[in-house]
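All remarks here apply to the structure that follows.
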Amino acid sequence: MKKNDEIILNITDYTVEGSGVGKYEGMAVFVPLTATGDTARVKILKVKKAYAFGKLIETTKKSNCRTENDCSAFSRCGGCAFRHISYEAELKAKELRAYETVKRIGGVDLKPQPIIFDKENRYRNKAQYPISQEGKVGFFATHSHRIIPCGDCLLQPEVFKDITEKIEKWIEYYKISIYNEEEHKGLLRHIFIRLAEATGEIMVALVINGESLPFDRELILALKNTVGEKVKSIQININTRDTNVIMGEKCVTLYGTDYITDILCGVKIRLSPLSFYQVNRVMAEKLYLKVAEYGEVENKTVLDLYCGAGTIGLSLARKAKKVIGVEIVPEAIKDAKFNAKANNIENAEFYCDDATSFAEKTSLKPDVVIVDPPRKGLTAELIQTITEKYSPERVVYVSCDVGTFARDIKKFGEKGYRLAEYTPADLFPKTAHCENIAKLIKE
Ligand code: SAH
């Protein structure tokens, strides 16, 4: 097989990024936008040692997983991987991925519990839109900074479209200058919108390469006319650095309050533009309920590592004896402490530290440990500290990367912690991402 060859391929699986995979002459070929069960004519784009990349030319036999794509930006925009297969098929694929990875990398042959899920569209509560030089709001194409206009993105609440349309008109009318990444010139970099679903409050922040926004009064009026009283906060976020990090460190409120408030598992959560918050609120609640079930935290001391703004720990605090949260980002810890106070939760403590080094040095003795690390998973040292120093009855592992999750499950196993049960949770429908929650029990 070589570049530009055309081959016929049976698609049998998906990659972590959501591409279809088929085997050809013993080699895995990755083809975006195909579905398991497809037979496809594929043009080879690139050949590596053990695998190749191809482009779908046509499906000669269509899989019965396939469904009508309902988004005109799909396949150009980098947001969704699965708008061409049914949600049912997507859920099955995510379950199967969890099972196969836990078996292959984790060395445990255990079927997951049925995947938990909720609505498949309009589940996001936050968007960060780049803006094209022509003043159109969109999303980045896959692996690129080319901007694809998004119109009404089906992952976002409908009101986000009303807001972005108004901002596009304001940009056009007042000739607002748009930031150019290559030249590091121009003003408007990104538009940040956040919805607190439980209260309906909306925050809009314009990320700018500068200190102030021209025609800000006009923008405020326009947004209030569109969205009404639900717009509680309009801010600028100042980011003058030559970087592709979206948000700068400083926010200035132009209208309303500095934050909006959501409610998660009965806990009021204050959100600023810089706060870390689960983007799928309804599913975050279901995820946290699973954590509570697996953790059995009644009257226990709970260590919540990688706690973000403390939302897992706070959702458990009324049942637990004590909750200790640890997180490396100072703003998140500030939010966590504020949220504890605002909810009259007195048995929660939060520390800003690296999870591994905190765990090593603290004299606290948790009964239950919850970990929710970023994609790279846990350090070997942290697993050692948890299992040897704390030796808790149970560990609850929340993961957004099933590969590192399975790797860590294996390490826990070697330390005498058995994977008793795990559940995939689809917090990111239509994308290739999926969370998994595991209960590990000391043998
Ligand atoms: N449990 C939270 C957040 C999970 S996301 C929630 O459900 O909302 C993972 C978090 O780990 C992020 O907030 C990130 O800032 C934090 N983090 C990343 N590296 C860390 C480290 N080395 N030590 C502690 N926290 C870390």
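The values are calculated or read from the model by the stated rules, or taken from the named source; none is laboratory data. Not measured: the values here are computed from a predicted model. Counting neighbours? That spans all protein chains shown, and the Cβs are built from the backbone with ideal geometry, glycine included. Note: areas computed on protein heavy atoms with side chains; ligands, DNA, RNA excluded. Shrake-Rupley method; radii C 1.70, N 1.55, O 1.52, S 1.80 Å.
In segment 222-241, what count of residues is obtained for those that are closer than 23 Å to Glu183 by Cβ and either assigned to a strand (DSSP E or B) or modelled with pLDDT under 95 (or both)?
We begin by selecting, within segment 222-241, every residue closer than 23 Å to Glu183 by Cβ; these are 236-241.
Filter once more, so that each one left must be either assigned to a strand (DSSP E or B) or modelled with pLDDT under 95 (or both): 236-238.
Of the residues in segment 222-241, 3 are closer than 23 Å to Glu183 by Cβ and either assigned to a strand (DSSP E or B) or modelled with pLDDT under 95 (or both).
Kindly list the number of the only condition in (1) surrounded by fewer than 20 Cβ atoms within 10 Å (Cβ to Cβ); (2) touching a helix residue (DSSP H, G or I) at 6+ places or on another chain (Cβ under 8 Å); (3) farther than 29 Å from Leu274 by Cβ; (4) of a type outside the set (Asp, Glu) that fails for Lys92.
Going through the list (1) surrounded by fewer than 20 Cβ atoms within 10 Å (Cβ to Cβ); (2) touching a helix residue (DSSP H, G or I) at 6+ places or on another chain (Cβ under 8 Å); (3) farther than 29 Å from Leu274 by Cβ; (4) of a type outside the set (Asp, Glu), Lys92 breaks only (2).
Out of curiosity, is Leu219 assigned to a strand (DSSP E or B) and open to solvent by less than 10 Å² (accessible area, probe 1.4 Å)?
In short, no.
Checking Asn343 against (1) within 13 Å of the ligand (Cβ to nearest atom); (2) touching a residue at least 40 places away in the same chain (Cβ under 8 Å), which single condition isn't satisfied?
Status for Asn343: all satisfied but (1).
If you take the residues of segment 309-319 that are open to solvent by less than 10 Å² (accessible area, probe 1.4 Å) and part of a loop (DSSP other than H, G, I, E, B), which of them is nearest to the ligand (Cβ to nearest atom)?
Ala309
Check off (1) away from the ligand (no atom under 11 Å from the Cβ); (2) buried (at least 20 other Cβ atoms within 10 Å of the Cβ); (3) in contact (Cβ under 8 Å) with a residue 60 or more places away in the chain for Tyr397 and give me the number that stays unchecked.
Every condition holds for Tyr397 apart from (3).
Mind checking whether some residue in segment 263-273 is more than 10 Å from the ligand (Cβ to nearest atom), at pLDDT below 95, open to solvent by 10 Å² or more (accessible area, probe 1.4 Å) and part of a strand (DSSP E or B)?
There is at least one residue in segment 263-273 that is more than 10 Å from the ligand (Cβ to nearest atom), at pLDDT below 95, open to solvent by 10 Å² or more (accessible area, probe 1.4 Å) and part of a strand (DSSP E or B).
What's the total number of residues in segment 278-295 that are open to solvent by less than 10 Å² (accessible area, probe 1.4 Å) and in a loop (DSSP other than H, G, I, E, B)?
Here the count works out to 1.
Condition first: touching a residue at least 40 places away in the same chain (Cβ under 8 Å) and either open to solvent by 20 Å² or more (accessible area, probe 1.4 Å) or within 10 Å of the ligand (Cβ to nearest atom) (or both). Now tell me which residues in segment 322-333 satisfy that.
Restricting attention to segment 322-333, the residues satisfying the condition of being touching a residue at least 40 places away in the same chain (Cβ under 8 Å) are 324, 329, 331-332.
Of everything in segment 322-333, those that are touching a residue at least 40 places away in the same chain (Cβ under 8 Å) and either open to solvent by 20 Å² or more (accessible area, probe 1.4 Å) or within 10 Å of the ligand (Cβ to nearest atom) (or both) turn out to be Val329, Glu331, Ala332.
Select from segment 352-366 the residues that are within 15 Å of the ligand (Cβ to nearest atom) and crowded, with 17+ Cβ neighbours inside 10 Å and list them in ascending order. Steps first, answer last, please.
Filtering segment 352-366 down to residues within 15 Å of the ligand (Cβ to nearest atom) leaves 352-362.
Listed by number, the residues that qualify are Cys352, Ala355, Thr356, Phe358, Ala359, Thr362.
Which of (1) open to solvent by 40 Å² or more (accessible area, probe 1.4 Å); (2) not in a loop (DSSP other than H, G, I, E, B) does Gln113 not meet, given it meets every other one?
(2)
Answer yes if at least one residue in segment 296-304 is assigned by TED's automatic domain parsing to the domain that holds Ile345, touching a residue at least 24 places away in the same chain (Cβ under 8 Å), assigned to a strand (DSSP E or B) and more than 16 Å from the ligand (Cβ to nearest atom), and no otherwise. Write out each step before concluding.
Residues of segment 296-304 assigned by TED's automatic domain parsing to the domain that holds Ile345: 296-304.
Adding the requirement that they be touching a residue at least 24 places away in the same chain (Cβ under 8 Å) leaves 296-297, 300-304.
Cutting the leftovers down to assigned to a strand (DSSP E or B) gives us 301-304.
Adding the requirement that they be more than 16 Å from the ligand (Cβ to nearest atom) leaves 301.
Checked against the condition, which is being assigned by TED's automatic domain parsing to the domain that holds Ile345, touching a residue at least 24 places away in the same chain (Cβ under 8 Å), assigned to a strand (DSSP E or B) and more than 16 Å from the ligand (Cβ to nearest atom), segment 296-304 yields at least one hit.
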